[in-house]
Amino acid sequence: MSWSCRHGDALPGGASSVGAGLVAREFADADLNRLTREAAALLPTDLLRYPLVSPGERFPFVAADARAFGSRDPATRAESFAALLQGAAYVERLCFDYVDLLGAPTDGAVVLTGGATRNPLWNQLRADVLQRPVTLPRNAQPALGMAVLAASSSEPLDSVAASMVRLDRTLEPRRSQRNPHDEGYFRLLDLLVQRGWLPGVVATHARERTAP
């Protein structure tokens, strides 16, 4: 998965080794619609996963020895799927916290793109974990962002984006999900620090940044 944020006329970002590719690998033979319905009843789950697609992590921390892990064995395949979706959302939240620690602005609209946006449960989960609205464009393919950047070489980025990007809908975070996801997120931070992958200063900032 990759993230980018606006800073002036630039779009700094980072790419994690966490992503939807793990869904294709682990659940290639599954009925994803049915699995999604079953996973919805399990979220938030106390099963924590760091869903790396391949060994090694580069963002929101650098750890060549990082490996995918779970806090325990899943009871069912649906629970494993739910934990995968939740884990990716927690990593996304950590990315925002890390970028904030670096001094870059993280306010403004959160627009989701990519293949994962085809899963409505995952979209709502990301809003719940971030506790901020997320917006889905009508065309959610990642290539759209590259097209906007290419077109902005001769025109201001704001005007190009306004003319090319059409928004579809915005999902609001459910306040009832806030405390359970805060607790799960903090537990994942602890597991990452214990493994020596996440610097303690990043985990501390992420905790302090969580609004009371």
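The numbers here are math on the coordinates, done by the rules we state, and not lab data. Because the structure is a prediction, the values reported are computed rather than measured. Positions of Cβ are generated from backbone atoms using ideal geometry, with glycine treated the same way; all protein chains shown enter the neighbour counts.
Structural remarks
- About the Cα centre, charge dipole magnitude for the chain (Lys/Arg +1, Asp/Glu -1 at Cβ), debye: 300
- Close amide H contacts of ARG174 (hydrogens built in the peptide plane, cut-off under 5 Å, sequence separation of 5 or more or a different chain): ASP128.
- Amide H partners (placed H, <5 Å) of VAL18, local residues excluded: VAL53
- Region 65-175: C-alpha gyration tensor shape, a/c 1.5 cut-off, then a/b vs b/c: prolate
- The chain - mean residue ellipticity at 222 nm from DSSP helices (-39,500 (n - 2.57) per run, n ≥ 4, rounded to 500): -14000 deg cm²/dmol
- Helices of the chain meeting both criteria, an alpha-carbon length of 27 angstrom or more along the long axis and an average Kyte-Doolittle score not below -0.5, with helices taken as full DSSP H segments, are 77-102.
- Relative contact order (percent, whole number), the chain, Cα cutoff 8 Å, 6+ residue spacing: 19
- Less than 5 angstrom separates the built amide H of ASN139 from those of ARG166, all sequence-distant by 5 or more or on a different chain.
- Between the labelled values [x] 24; [y] 32; [z] 18, the entry that holds percent of Cα pairs over 29 Å apart as derived from this structure is [x].
- Cα centroids of region 159-212 and region 25-101: 14 Å apart.
- DSSP-defined beta bridges in the chain - what % are antiparallel, rounded to 5: 85
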